[in-house]
1. Which residues, counting only those in region 190-203, are of a type outside the set (Val, Ile, Thr) and out of contact with any Ser or Thr (no Cβ under 8 Å at 6 or more places or on another chain)?
2. Give region 177-229 a look and list any residue that's at pLDDT below 95 and of a type in the set (A, V, I, L, M, F, W, C), or say none.
3. Restrict the check to region 25-35 and report whether at least one residue is in contact (Cβ under 8 Å) with a residue 60 or more places away in the chain, more than 16 Å from Arg86 (Cβ to Cβ), part of a helix (DSSP H, G or I) and not basic (Lys, Arg).
4. How many residues are surrounded by fewer than 21 Cβ atoms within 10 Å (Cβ to Cβ), not in a helix (DSSP H, G or I) and not acidic (Asp, Glu) if we restrict to region 5-24?
5. Any idea which of Ile142, Ile174, Ile149, Ile159 is crowded, with 23+ Cβ neighbours inside 10 Å, in contact with a helix residue (DSSP H, G or I) (Cβ under 9 Å, 6 or more places away or on another chain) and either β-branched (Val, Ile, Thr) or at pLDDT below 95 (or both)?
6. Hey, can you tell me all the residues within region 90-122 that are outside any loop (DSSP other than H, G, I, E, B) and either over 17 Å from the mean Cα position of the chain (by Cα) or surrounded by fewer than 17 Cβ atoms within 10 Å (Cβ to Cβ) (or both)?
Amino acid sequence: MIHVSISKEVSSVCPDLQVLVIACHVKNTESDPSLWKEINSMEELIVSTCKLEDINKWQPVKATRQAYKRLGKDPNRYRPSSEALRRRILRGLGLYKVDTLVDLINLVSIKSGYSIGGFDADKIQGNLTLGVGYEGELYHGIGRGELNIAGLPVYRDEIGGIGTPTSDEERTKIGIDTRCLLMIINGYSGKEGLLEAGSYAVDLLKRYVSAENIDVELVSSFDRTKIVL
């Protein structure tokens, strides 16, 4: 399993941060109709129970936005992905179809409020450290082109940045041929709700992409624990 650690520059301003790291072997497919029934049901629930102006008050989203501010980023210009996805739903646009792995990660995100990194583990070089983006750092957000990640929390491998709560990087993105998944659920609001989101994610991974050899770790700045979900 790829080792994930949190730098002092992040932990010093985000002391409650805990991340759930899920690694597994998968069989990705084109968008799955059964999964999309679940996604559509969740979209309907969000539309009927959530208001646009309340999304950024939801604790998992609120805590991520606060982390952005502490690190020097405007969360209204660079929204966390969980917030952006819910806003998209409430604007009547719905989620976009990519492939089963990406679709189910988006489902976990809109249900839980956590911004989630999803990576093809075979494309990652070495281990990962969560640090802070700097001015001029080269980063190509998926479907967004060059992204200014200065002041954003960013996971880096030996080559460079691969993931922020706003957008993951093109280099390590999931594809239809992805066989080894690394999924990181970012809990800037702490542990509460994080394991439940992880259990939901593991259930979806088993049902829709035949996940096997599942390893799960809960990582903070001072501890890491192997867990079973």
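1. At the first step, the residues of region 190-203 found to be of a type outside the set (Val, Ile, Thr) are 190-201, 203.
Passing the criteria: Gly190, Lys191, Glu192, Leu194, Leu195, Gly198, Ser199, Ala201, Asp203.
2. Selection gives Phe222, Ile227, Val228, Leu229.
3. Yes, region 25-35 contains at least one residue that is in contact (Cβ under 8 Å) with a residue 60 or more places away in the chain, more than 16 Å from Arg86 (Cβ to Cβ), part of a helix (DSSP H, G or I) and not basic (Lys, Arg).
4. Total satisfying the criteria: 6.
5. When all the criteria are applied, what remains is Ile174.
6. Initial filter on region 90-122 (outside any loop (DSSP other than H, G, I, E, B)): 90, 100-112, 115-122.
Within region 90-122, Leu90, Asp122 qualify.
The values are calculated or read from the model by the stated rules, or taken from the named source; none is laboratory data. In this text, all values refer to a predicted model and were calculated from it rather than measured experimentally. Note that each Cβ is placed from the backbone with ideal geometry, even for glycine, and that neighbours are counted across all protein chains shown.
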